1. Which one of these does residue B:65 not meet: (1) modelled with pLDDT under 90; (2) out of contact with any strand residue (DSSP E or B) (no Cβ under 9 Å at 6 or more places or on another chain); (3) among the small types (Gly, Ala, Ser)?
2. Given the criteria under 8 Å from the mean Cα position of the chain (by Cα), farther than 15 Å from residue A:59 by Cβ and facing chain A (nearest Cβ under 9 Å), does residue B:74 qualify?
3. Which condition breaks for residue A:148 when tested against (1) under 30 Å from residue A:51 (Cβ atoms); (2) in contact with a Leu (Cβ under 7 Å, 6 or more places away or on another chain); (3) not hydroxyl-bearing (Ser, Thr, Tyr)?
4. When you scan region B:75-95, do you find a residue that is modelled with pLDDT of 90 or more and crowded, with 21+ Cβ neighbours inside 10 Å, even just one?
5. Go through region A:9-53 residue by residue and tally those that are surrounded by fewer than 16 Cβ atoms within 10 Å (Cβ to Cβ) and of a type in the set (A, V, I, L, M).
6. Just to be sure, is residue A:66 in contact with a strand residue (DSSP E or B) (Cβ under 7 Å, 6 or more places away or on another chain), surrounded by 15 or more Cβ atoms within 10 Å (Cβ to Cβ), within 7 Å of chain B (Cβ to nearest Cβ) and part of a helix (DSSP H, G or I)?
7. Checking residue A:165 against (1) touching a Gly at 6+ places or on another chain (Cβ under 8 Å); (2) closer than 21 Å to residue B:98 by Cβ, which single condition isn't satisfied?
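The values are calculated or read from the model by the stated rules, or taken from the named source; none is laboratory data. Nothing here was measured: the structure is a model prediction, and the numbers come from that model. For neighbour counting, all protein chains shown are included, and Cβ atoms are generated from backbone atoms with ideal geometry for every residue, glycine included.
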Amino acid sequence: MATIRVNPNRMELLKLRRRLEVAKRGHKLLKDKLDELLKEFMARIAENRRLRDEVEEALFGAYGQLAIARAEAGSPVIASALLAGQPADLVEAGEKNVMSVRVPLLDLGEIPPPEGYSLATTPALLDGALENLSEVLPRMVELAEREKAIELLAAEIETTRRRVNALEYVLMPQLADAVRSIRMKLDESERSERTRLMKVKEMIEGQQQ
Amino acid sequence: MAGIAIIGDAVSVAGFRPLGVAAYAVDRPEDARALWPTVLDAAPAVVFVTEPVYAAIPDLIAATADSPVPAVTVIPGAGSTGGVGSEKLERAIERALGTKMPVREEDV
């Protein structure tokens, strides 16, 4: 591990000690944040898996119904029927702060009832398929909200873990090593200074006698 | 208020149009690359992409990863087998925990 090169004096020692204290405090804070993020993350995963399975199953069901409707009435009829409807602003999008991670809050408004196509020329299965899709859409939006939050939390957890590890395994040991080496050098110079003084004192006493 | 968009093959996305969702049908999944800026210009809150489209434009989808919206979510298309969304979730778990997490029966 690379060591920090510093001048072994008291000023540097004080400075490094202060840095070490700050690093320790930061490490504790980040570690607490990491624990809390992991708790939040784990709580969301199980529910998300269940929701995704539900959504995928419901979508396959609706696709199946649409395929049968196409087979019954013919693709052009169904395609023109499904051209009805205009894109609408369905979602109220907000943000929520979870441990300094901005996650989306999506609130789905009322879905317009599917209409604008002839009930006489299209099979009843088309109505059923559209009804199923309008039932699954709120769960799809919920899934989108949850998955986005999970991805954002995962990215934040990764960053926070890197920071915690950098502090724990690189910066803090380096600072502690530097403090120890300055301490040793200062002690050494203090000892040599004392020895020198004793020697001088002895010499002066010898001369006086 | 914001909209919802869906990109995929015509068969998969057509059913969402009557529900007020902005449906963008593409003949080939790669066509979604040219369509992507148009989709984002409408500032949708949620963009659903079918699995083949997700496989064709992962870089463009990854570019939206850091912001809360749009929330880009993978859904199975009419002809696909599903499971890509779950894999995406597994990757997020691996990224966060540094390891894969087995699925327990009671979790599902």
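1. So the condition that residue B:65 fails would be (2).
2. No; evaluated as a whole, the condition is false for this residue.
3. Answer for residue A:148: the failing condition is (2).
4. Yes, region B:75-95 contains a residue that is modelled with pLDDT of 90 or more and crowded, with 21+ Cβ neighbours inside 10 Å.
5. Number satisfying all stated conditions: 7.
6. no
7. (1)
Residues are listed down the side, and each one gets a yes or a no for (1) touching a strand residue (DSSP E or B) at 6+ places or on another chain (Cβ under 6 Å); (2) more than 19 Å from residue B:92 (Cβ to Cβ):
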site: A:88; (1), (2): no, yes
site: A:92; (1), (2): yes, yes
site: A:99; (1), (2): no, no
site: A:104; (1), (2): yes, no
site: A:128; (1), (2): no, yes
site: A:138; (1), (2): yes, yes
site: A:155; (1), (2): no, no
